[in-house]
Amino acid sequence: MVEKSSSGDISRTTMLKYGIGGLGIAMFSGLFGYTYNYYFYNYSSPAYDMGMILGYTFLIFAIWNTINDPIFGFISDRTRSRWGRRRPYIIFFVPVLTLGLFMIFFPFGSGFNYYFIWILLALFVYDTGYTFVGLTYASLLPELTFDLDKRAKTNTLSVIFMGIGTILTYIIGFLFLRSVPILQLTAILFAIIGSAALLFTGFTVKEKRQFMEVPALGAKDAVLKAFLNKSFLTFETFNFTYTLMYNIMQIALIQYAISVLEVSDFEGVILLAVFFLVSFLGFPLMIYLNRKLGTKTTVLLFTCVFACTITFTFFVSNFIAVLIIVAILGISYSAPALLNNLLIADIVDEDEVKTGRRREGMYFGGNALITKPAISVAAFIVGIFNTYFLFNPSFDVHSPKYIHADTALLGIRIVMGIVPALFLAIGLLFFLLYPLNKKRVEKLKKELEELHSKQQKNRIS
């Protein structure tokens, strides 16, 4: 179940096996992304404010997000089994993840207090499963190969499968968000497909034995060495703002399309299709630029383009103009979507040179510790904006009876175009301080080869 070889080589078959798991990750996370709007659209009533319920529920839920990821990552790094350090958690926590998703989309009862408790419990179950599965899946990538180009191609396959899953969930969500039975049926179908994809990866991808032969760090050293790492801290500050921006945009996009653009269902699908199609087409370009400019420079450049472009959604309401904006956002999005995990992989490689240990679990867990609460914060921000600007998705803002239409539309424009750009600008300032540029990473790989060669000689002797 684990490989003895210390080679950095990886076959195309293994690349594909790993990539397929991305489909499952995206299907679960994509459906979860509609949790906020699902409850808002289908369970709002005059008796209680669903926006405030969801806002505060996600904010409380962020506490669990804060503590579970580094703990689970530390546990994974210390695991020693014939199955490996990562695969057991993919295999055994997929059912927990599925249960949590079903709890989200099949609520029982009614009332303010009931929904608050039920949604909170469903989020806790879902996130426990998703954390173990998503964390260990991501942690597999850096140790599969140390070749920068092969690592990028492996991650590209994963991101492509993730993109397919994301497109499917976006389209289904856009078309059937207001139809509870169809959305629930979709949740069942996607959970089956997503579970199968993740279990396929869990059962077929092999880990390397060599990384289980080195004793793991204790809890205190593991935490301190990670969270005092300059490369990690500067990247994570950027990554938090990027994740926050993306989730705000994901929540606000449907509200923006329906209420500001007044698009038909078909036009909404066109917007989504253009965004993701252009993103896919951008992957070969990003791999090329990653090879020529380095990961840091490529991500920095296109995130700047994204931040500038998304502000135009505040000013325009013409479908064609927004279509052009979406295309530019798509090509810009492809850089961090494809390369952010490679930045973490570089940080893990740097840490191994310093500590002699592979600690993907701690670093991907630390990444989730910092970025996953951004999902909850995004829902809270959108909920606050909806409440403050008197927007209720249950009503047509263009109806003569909706007396707060102008205020509501202004709030949607702000939360779609201005708020994400401001957060990204702050993150980019910190990312400029990230030290692992192309020259440093190339030197790091040589140091890593020397370390592995020395460890191999010690094992033989």
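The values are calculated or read from the model by the stated rules, or taken from the named source; none is laboratory data. All figures in this text were calculated on a predicted structure; none of them were measured in a lab. All Cβ positions, glycine included, derive from the backbone under ideal geometry; neighbour counts span all protein chains shown.
Every residue, every condition in (1) buried (at least 23 other Cβ atoms within 10 Å of the Cβ); (2) over 17 Å from residue 441 (Cα atoms); (3) of a type outside the set (Phe, Trp, Tyr), yes or no:
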{"residue": "312", "(1), (2), (3)": "no, yes, no"}
{"residue": "323", "(1), (2), (3)": "no, yes, yes"}
{"residue": "351", "(1), (2), (3)": "no, no, yes"}
{"residue": "354", "(1), (2), (3)": "no, no, yes"}
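Could you tell me which residue of the stretch 108-148 is nearest to residue 188 (Cα to Cα), considering only residues that are among the small types (Gly, Ala, Ser) and surrounded by 24 or more Cβ atoms within 10 Å (Cβ to Cβ)?
That would be 134.
May I ask you to list the residues in the stretch 224-266 that are under 23 Å from residue 431 (Cβ atoms) and either touching a Lys or Arg at 6+ places or on another chain (Cβ under 6 Å) or among the charged types (D, E, K, R) (or both)?
Within the stretch 224-266, 225, 230, 236 meet the criteria.
From the list 300, 271, which residue is of a type in the set (A, V, I, L, M, F, W, C), modelled with pLDDT of 95 or more and touching a helix residue (DSSP H, G or I) at 6+ places or on another chain (Cβ under 7 Å)?
Answer to the check: 300.
Inspect the stretch 191-205 for any residue being part of a helix (DSSP H, G or I), closer than 17 Å to residue 269 by Cα and among the aliphatic types (A, V, I, L, M) and give the result as yes or no.
Scanning the stretch 191-205, I find no residue that is part of a helix (DSSP H, G or I), closer than 17 Å to residue 269 by Cα and among the aliphatic types (A, V, I, L, M), so the answer is no.
Can you run down the residue pairs with Cβ atoms below 9 Å, 6 or more apart or on separate chains, where the first is in the stretch 52-81 and over 30 Å from residue 115 (Cβ atoms) and the partner is charged (D, E, K, R) and in a helix (DSSP H, G or I)?
73/360; 76/360; 77/360; 81/87
So residue 251 passes all but one of these: (1) of a type outside the set (Asp, Glu); (2) buried (at least 20 other Cβ atoms within 10 Å of the Cβ); (3) modelled with pLDDT of 80 or more. Which condition number does it fail?
So the condition that residue 251 fails would be (3).
Filter the stretch 234-256 down to the residues that are under 22 Å from residue 410 (Cβ atoms) and touching a Pro at 6+ places or on another chain (Cβ under 9 Å) and list them by number.
244, 245, 248, 249, 252, 254, 255
Can you tell me how many residues in the stretch 404-425 are farther than 19 Å from residue 247 by Cβ and touching a residue at least 12 places away in the same chain (Cβ under 8 Å)?
The total comes to 5.
When the residues of the stretch 72-118 are narrowed to those that are among the small types (Gly, Ala, Ser) and in contact with a Lys or Arg (Cβ under 9 Å, 6 or more places away or on another chain), which ends up nearest to residue 361 (Cα to Cα)?
Here the residue is 73.
Please specify each residue of the stretch 424-437 satisfying the condition of being within 19 Å of residue 313 (Cα to Cα) and either surrounded by fewer than 22 Cβ atoms within 10 Å (Cβ to Cβ) or among the acidic types (Asp, Glu) (or both).
Across the stretch 424-437, the qualifying residue is only 425.
Restricting the stretch 426-453 to residues that are of a type in the set (A, V, I, L, M) and either at pLDDT 90 or above or not in a helix (DSSP H, G or I) (or both), which is farthest from residue 241 (Cα to Cα)?
It comes out as 444.
State whether one or more residues within the stretch 169-176 are under 14 Å from residue 23 (Cα atoms), modelled with pLDDT of 90 or more, buried (at least 21 other Cβ atoms within 10 Å of the Cβ) and not charged (D, E, K, R).
Looking through the stretch 169-176, none of the residues is under 14 Å from residue 23 (Cα atoms), modelled with pLDDT of 90 or more, buried (at least 21 other Cβ atoms within 10 Å of the Cβ) and not charged (D, E, K, R).
Select from the stretch 344-378 the residues that are of a type in the set (Asp, Glu) and more than 12 Å from residue 235 (Cα to Cα) and list them in ascending order.
Across the stretch 344-378, the qualifying residues are 349, 350, 351, 352, 360.
Out of the residues in the stretch 65-107 meeting the condition of being part of a helix (DSSP H, G or I) and modelled with pLDDT under 80, tell me which one is surrounded by the most Cβ atoms within 10 Å (Cβ to Cβ).
Across the stretch 65-107, the extreme among qualifying residues is 65.
Results for (1) modelled with pLDDT of 90 or more; (2) among the acidic types (Asp, Glu); (3) farther than 21 Å from residue 282 by Cα; (4) part of a helix (DSSP H, G or I), shown as yes or no for each residue.
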| residue | (1), (2), (3), (4) |
| --- | --- |
| 304 | yes, no, no, yes |
| 346 | yes, yes, yes, yes |
| 358 | no, no, yes, no |
| 368 | no, no, yes, yes |
| 372 | no, no, yes, yes |
